[in-house]
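Shown next, in structure tokens, is the structure this report addresses.
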Amino acid sequence: MKVRSKIWLETDSGKLVIGEGRLGIFQAIERTGSMSAAARELNMSYRAVWGKVRATEQRLGVKLVEGIAGGPKHGGAKLTTEARELIDRFGRFERQAKAAVEKLAARLLVGSASSGCSPSSPQGPECSPSRTSRGTPRSVSPS
């Protein structure tokens, strides 16, 4: 059994600011130096990438991607300092939150599952999480 979690930030009104998908977009822009190349890499349309970047910028009130004027490479895009800080801080937060969820799951769920206890276990309340300590069923004396 494996516990999965997803972490994202949203505005007070519930609109997405950043999550796994937008983090990937900003990382792809950083890697490729271009929104169109990032879109191709992610199998997304340029319009979808552009729209998600602009929506995130509007929700945060900061510029995250700057265009680079033409020239031999026909322009491109680069992340602002604020964008690099956002992806660094959100990436660290996401990794730490997932590690905490895995640790909590190992302590509360996986340990009890490996001891034969589950919410529908025939052993009854002796195997419920409130009756276990580190995944080992506590002894319950009959009343």
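Among the residues of the stretch 11-35, the one identified as surrounded by fewer than 17 Cβ atoms within 10 Å (Cβ to Cβ), under 17 Å from G75 (Cα atoms) and among the small types (G, A, S) is G33.
Looking only at residues in the stretch 82-103 that are within 11 Å of I7 (Cβ to Cβ) and among the hydrophobic types (A, V, I, L, M, F, W, C), the one that is surrounded by the fewest Cβ atoms within 10 Å (Cβ to Cβ) is A100.
Quick check on E41: is it at pLDDT 55 or above, surrounded by 11 or more Cβ atoms within 10 Å (Cβ to Cβ) and of a type in the set (D, E)?
Details: at pLDDT 55 or above: yes; surrounded by 11 or more Cβ atoms within 10 Å (Cβ to Cβ): yes; of a type in the set (D, E): yes.
Here the answer is yes, as E41 does meet what is asked.
Listed by first and then second residue, the pairs linking a residue in the stretch 43-63 that is of a type outside the set (K, R) to a residue that is part of a loop (DSSP other than H, G, I, E, B), with Cβ atoms under 8 Å apart and 6 or more places separating them unless they lie on different chains, are V49/L42; V53/L64; A55/K15; T56/L64; E57/K63; E57/L64; V62/T80.
Considering K15, K2, K6, the condition of being basic (K, R) and farther than 30 Å from A106 by Cβ is satisfied by K15 alone.
Scanning for something β-branched (V, I, T), modelled with pLDDT under 95 and surrounded by fewer than 17 Cβ atoms within 10 Å (Cβ to Cβ), does the stretch 49-65 turn up at least one residue?
Initially, the stretch 49-65 is screened for residues β-branched (V, I, T), giving 49, 53, 56, 62, 65.
The next check asks that each one be modelled with pLDDT under 95; those that pass are none.
The answer is no; no qualifying residue exists.
Taking into account only those residues within the stretch 66-81 that are aliphatic (A, V, I, L, M) and modelled with pLDDT under 95, which is surrounded by the most Cβ atoms within 10 Å (Cβ to Cβ)? Residue satisfying both the conditions and the ranking: A77. For the stretch 73-107, a residue qualifies if it is small (G, A, S), within 19 Å of A38 (Cα to Cα) and without any contact (Cβ under 8 Å) to a residue 60 or more places away in the chain, and the qualifying residues are G75, G76, A77, A83. Only helices (runs of 4 or more DSSP H) whose full extent lies in the stretch 1-89 are considered here, and the ones with at least 3 residues that are charged (D, E, K, R) are 20-32, 46-60.
Within this structure, R4 fails the test of being over 14 Å from L79 (Cβ atoms) and in contact (Cβ under 8 Å) with a residue 24 or more places away in the chain.
The values are calculated or read from the model by the stated rules, or taken from the named source; none is laboratory data. A quick note: this is a predicted structure, and the numbers were derived from the prediction, not measured. No Cβ is skipped: glycine too gets one built from the backbone with ideal geometry, and neighbour counts run over all protein chains shown.
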